Structure formats: C-alpha cells, structure tokens
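Before any comments, here is the structure.
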Amino acid sequence: MLLSGLTTSLDVLALETWAPGTARQVLAVEPAGVPARSDADAPRAVLRLANISLSFGGLAALRDVDLDVAQGEIRAVIGPNGAGKSSLLNVISGLYRADQGEVWFGDHAFRQVPTASLAHHGVARTFQNLALFKGLSVFDNVLMGLAHRVRAGFIRQLVGSPLARRIEAENRAAAEEVIGFLHLGDIRDRIAGTLPYGLQKRVELARALVARPKLLLLDEPFAGVTVSEKQELAQHVRGARDRYGTTIVLIEHDIGIVMELSDHIAVLDYGRKIADGPPAEIRANQAVIDAYLGVAHEDETELAI
C-alpha cells in the first residue's frame, strides 16, 4: 500500500520550474566504455552519450551519464530540481563542453559539439525562454530556421541567379508546409510578438521543424502554457515524430505530459542517471520515487545543476 501511494504521488508531481568541435567518424566500431550491441536488429542510435561528466567549480553537474536514443523515439529526461537536466541538454547542443565523455550523432563523435554545425548534423533545438524574432511575421520566423541552407553567394542573390531563386523557392515551400502542418496558416502574416504565448511556442516549434531535423531537442516545451495548449502541443510533437520521422529528446516539468507522450524516460538525480525505461517502468521505480520525495543521499552535499 505504501509503494502504491508513493507511485500515485509520483504521477501527479511536477518538476520545477579529439579537439573540441571536431568530429571523428567511426564505422562499425563502438565507442570506448559502451558495450557492443548484441542485437543486430536493434534500432540505430541517432544520439548516444558515452560517460558524460561535467562540473562547475568542483560541483558535479553530471556524472558518467550514458544514453542511447533510437531513431524515431520520443525520449524524455526528467528529475528533481538540480538533477542536471539542463546541463545535459546544453552538452548535447554544444553550449557546454563535458569534462569527459563523448556525444555521438550517428557515427560522428564529439568531445564538444560545434554549435555552428548543429544543423549540418541534423540537430535542431528550442529553448525554455522563447527565442523568436518578435518583430517579424510568423512566416519569416519559420523561414529563419532555414538560414543555414542559403548557399548561393551574396552577389548571386543580388542579381537573382537561378540557384538563388531555386533555394528561395524551396525554403518558402518548406516553411509553408510546416506552417500548414502546425495549423498556423491563419496567422502566418501576424507579427510573432503580438501572439499569445501558447501560439508563440508553436511558432518556435515550426521554426525548429522546418529544416526536417533528424534530432529535435525540446527544452521545457510545455512550460507556461494552459492545459488545453499543452494537449495540443503534445499532439503536434507526436505528429512531428510520426510525419517526419524526427527523433525527439525533451526536458519537461509536467510529469503527466511526460508519461503520456514519451516512449522512454531517463531519470537524473544529483547528476547521475538512476533509471531509464518505458513510462510504466519509471512510474513504479523505487529509486525514482525516492528521488522525487527527497530521500537523503550519501553525497547530497554536492549539487547538480
């Protein structure tokens, strides 16, 4: 009965508010410290973290974190306040350099992910705090997600070369498609900064999706929106996976949304991964329940960020 009560409480808990940048490509070789796969038919890992550790001024933020995210999976990363969730996402996207370990995108491994080439590796990200161009229209904001595709030189764009015109037409068509997919057509010409917060969140999702990323990183995508907007946005996130085959890693406060939306959930506590599995397994995991209820740790004087 006690375990059942703790499990129920977990269901309703909400979370709180080589050289760096150089990839090495490995074919048919597992990175050091990661066991070889025994199942040849296992889904290919779009994202792999191997032994990631990170500290700030002697405080451990992440400790030997391993994570494999398969093609087409929706993977949530959760944990109590200060568990290391944001630090992990920042390592994946190159904002932080891990003290040890590697980040793998397919066969490319990095000690520090080069942020300038994230799009080249098929990675897009949204942020907890909206990063829209508030003075631009919805359409132009979405189009900005394809800025990295502009390969025609400045002179060719000035003279309107066939290459520049073709790239512009392709980009505009891609923007129109994702705007239609996310039901933003009625507001495509509205100034983004004048929209309700929930719609701005959807515009940011559209901008991240317009380049058809292989991997989409969502940083608290449901924060600050209403219950109905959460449900709509969750449907769009799932729809993006189903329509485009996008693999999704998300950090989120709302446990209910996480349990409903995710295929697998990784749980961090004090910078360590303490559980990783499907929602039903995580819901009943005693270590996860203890973490959320604040059971004391031997090393609780250290703080993960």
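Taken over the stretch 222-251, the residue count meeting the criterion of being under 17 Å from Q71 (Cβ atoms) and of a type in the set (A, V, I, L, M) is 5.
Suppose we keep only residues that are of a type outside the set (S, T, N, Q) and surrounded by 13 or more Cβ atoms within 10 Å (Cβ to Cβ) within the stretch 150-162. Which one would you say is modelled with the highest pLDDT?
Per the stated criteria, the residue is V150.
The lone criterion from (1) closer than 20 Å to G79 by Cβ; (2) touching a helix residue (DSSP H, G or I) at 6+ places or on another chain (Cβ under 8 Å); (3) surrounded by 15 or more Cβ atoms within 10 Å (Cβ to Cβ); (4) modelled with pLDDT under 95 left unmet by P279 is number (4).
Annotation note: of V103, V142, the sole residue that is open to solvent by less than 40 Å² (accessible area, probe 1.4 Å) and out of contact with any Lys or Arg (no Cβ under 7 Å at 6 or more places or on another chain) is V103.
Quick check on A208: is it crowded, with 18+ Cβ neighbours inside 10 Å and either touching a strand residue (DSSP E or B) at 6+ places or on another chain (Cβ under 6 Å) or among the β-branched types (V, I, T) (or both)?
Yes, satisfied.
Scanning the stretch 246-268 finds one or more residues that are assigned to a strand (DSSP E or B), at pLDDT 95 or above and over 30 Å from S117 (Cβ atoms). Does A223 satisfy the condition of being open to solvent by 10 Å² or more (accessible area, probe 1.4 Å) and not polar (S, T, N, Q)? The answer is yes for A223.
Is at least one residue of the stretch 231-240 closer than 30 Å to L59 by Cα, in contact with a helix residue (DSSP H, G or I) (Cβ under 7 Å, 6 or more places away or on another chain) and surrounded by fewer than 23 Cβ atoms within 10 Å (Cβ to Cβ)? Among the residues of the stretch 231-240, not one is closer than 30 Å to L59 by Cα, in contact with a helix residue (DSSP H, G or I) (Cβ under 7 Å, 6 or more places away or on another chain) and surrounded by fewer than 23 Cβ atoms within 10 Å (Cβ to Cβ), which makes the answer no.
In this entry, S55 is excluded by the filter for residues that are under 16 Å from the mean Cα position of the chain (by Cα) and among the hydroxyl-bearing types (S, T, Y).
Restricting attention to the stretch 119-135, and to residues there that are outside any helix (DSSP H, G or I) and touching a strand residue (DSSP E or B) at 6+ places or on another chain (Cβ under 7 Å), which single residue is modelled with the lowest pLDDT? Full working, then the answer.
Just the residues of the stretch 119-135 that are outside any helix (DSSP H, G or I), to begin with: 122-135.
After this cut, where a residue has to be touching a strand residue (DSSP E or B) at 6+ places or on another chain (Cβ under 7 Å) as well, the list is 122-128, 135.
Details: G122: 93, V123: 95, A124: 95, R125: 94, T126: 92, F127: 87, Q128: 83, G135: 95.
Across the stretch 119-135, the extreme among qualifying residues is Q128.
When every residue of the stretch 181-194 is checked against the conditions, at least one turns out to be closer than 30 Å to F105 by Cα and open to solvent by less than 10 Å² (accessible area, probe 1.4 Å).
For the stretch 218-243, enumerate the residues that are on the phi > 0 side of the Ramachandran plot and of a type outside the set (D, E). Passing the criteria: only G224.
Counting only residues that are open to solvent by less than 40 Å² (accessible area, probe 1.4 Å) and not in a helix (DSSP H, G or I), which one in the stretch 91-100 is farthest from L268 (Cα to Cα)? So the residue we want is G94. Per this entry, L88 is counted among residues that are assigned to a helix (DSSP H, G or I), at pLDDT 95 or above, in the same structural domain as G271 (by the TED database) and open to solvent by less than 50 Å² (accessible area, probe 1.4 Å).
Residue count for the stretch 106-125 satisfying the condition of being surrounded by fewer than 20 Cβ atoms within 10 Å (Cβ to Cβ) and touching a helix residue (DSSP H, G or I) at 6+ places or on another chain (Cβ under 6 Å): 1.
The values are calculated or read from the model by the stated rules, or taken from the named source; none is laboratory data. Not measured: the values here are computed from a predicted model. So basically every Cβ, Gly included, is an ideal-geometry build from the backbone, and we count neighbours across all protein chains shown. With ligands, DNA and RNA removed, areas are computed over all heavy atoms of the protein, side chains included. Shrake-Rupley method; radii C 1.70, N 1.55, O 1.52, S 1.80 Å.
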